[in-house]
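Accompanying notes for the structure given below.
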Amino acid sequence: MIVAIDGPAGAGKSTVSKKVASELGLNFLDTGALYRALAYSLDRIGIPPVPGDKLDEELKKLDVQLSGGAVFVNGADVSKEIRTPHVDNIVSPYSALSQLRAHLLDLQRRQALFGKGVVAEGRDIGSVVFPEADCKIFLTASAEERAMRRYKERLVKGEEPVYEEILSSVKERDRIDSTREAAPLVKPEGAYLLDSSDMTEQQVVDEIVRIALKN
Ligand code: DC
């Protein structure tokens, strides 16, 4: 079984997808982590998000792997490093590059071959990665609600977030993700639209599990 969950940054896809995967006994695939891992690695070695031979050459040297919920690049666990405000801000221009997207396609598709299947979340899962998914969900929430969730997450981590900065970063990522040429964020054909603004996490999980089992 393949459950595809797409939607904008901060809609709650990761937390919800993890729970749905656990309730349905499927694997969980966080595809944003893969884009973050490549963006982080390229930025660190000074390769800007510009298409061309140089990018191709560097991509060939980067081996991304998933294991036990962690992301590895050339054997090094980068799971923590990819979750910083800096990576939040740089990842969208990298993920807009079709060369970079192509580099991750096989790896994503292979995840559906393990166990009973996968709950995959991202921006183009139902449209590009798994267009034949058994169940497609487009999970969204207002930009203000999504920014508020990120703000609270950072407060809990002991950081000193500024709500307005997070809101403008959320809006900027929405703009880049939805207007890019390569696999833009769209509600895929046949996807169920779920607006989580006024729903609890568990209500969203229950609704997705119900839809998945009905299919
Ligand atoms: O879901 P996230 O915030 O971890 O995603 C990080 C970035 O990766 C985001 O800017 C959009 C991009 N992304 C994408 O283009 N396609 C995916 N399938 C998943 C993420």
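General observations
- For the range 97-215, the extents of the C-alpha atoms along the principal axes are 42, 36, 26 Å, listed from largest to smallest.
- Charge context of residue 126, other residues only, Cβ under 13 angstrom, K/R +1, D/E -1: -2
- At q = 0.25 Å⁻¹, base-10 log of I(q)/I(0) for the range 19-72 (Debye sum, equal scatterers on each alpha carbon): -0.99
- Hz values of 3J(HN,Hα) by residue in the range 9-26 - Karplus curve (6.51, -1.76, 1.60), Gly and Pro given as x: 4, x, 7, x, 4, 4, 4, 5, 5, 4, 5, 4, 4, 5, 5, 9, x, 10
- Summing Lys and Arg as +1 and Asp and Glu as -1 over all other residues whose Cβ lies under 13 Å from the Cβ of residue 51 gives a net charge of -2.
- In this calculation the C-beta distance from residue 22 to residue 84 is compared with R0 = 30 Å, giving a FRET efficiency of 0.65.
- Protection proxy ranking, peptides 182-193, 130-141, average beta carbon neighbours within 10 Å, highest first: 130-141, 182-193
- Working ranking of peptides 149-161, 203-215, 84-96 by packing, defined as the average number of other Cβ atoms within 10 Å per residue, highest first, is 84-96, 203-215, 149-161.
- For residue 27, residues with placed amide H under 5 Å, excluding near neighbours: 116, 117, 118, 119
- Kirkwood Rh, angstrom, the range 109-176 [1 / mean 1/r, Cα pairs]: 14.4 Å
- Farthest towards the positive end of the charge dipole of the range 65-215, among the residues 119, 161, 92, is the Cα of 119, using unit charges on the Cβ of Lys, Arg, Asp and Glu.
- Legend: distances between Cα atoms for 116/157; 18/152; 116/136; 13/61; pairs beyond 23 Å are 116/157; 13/61.
- Cut-off 12 Å between beta-carbons: net charge of the residues surrounding residue 18, Lys and Arg +1, Asp and Glu -1: -2
- Globularity index of the chain, i.e. its alpha-carbon radius of gyration over 2.2 N^0.38 Å: 0.98
Read the figures in this text as sums done on the coordinates, not as results from a lab. Nothing here was measured: the structure is a model prediction, and the numbers come from that model. Cβ coordinates were reconstructed from backbone atoms using ideal geometry, including for glycine residues, and neighbour counts include every protein chain displayed.
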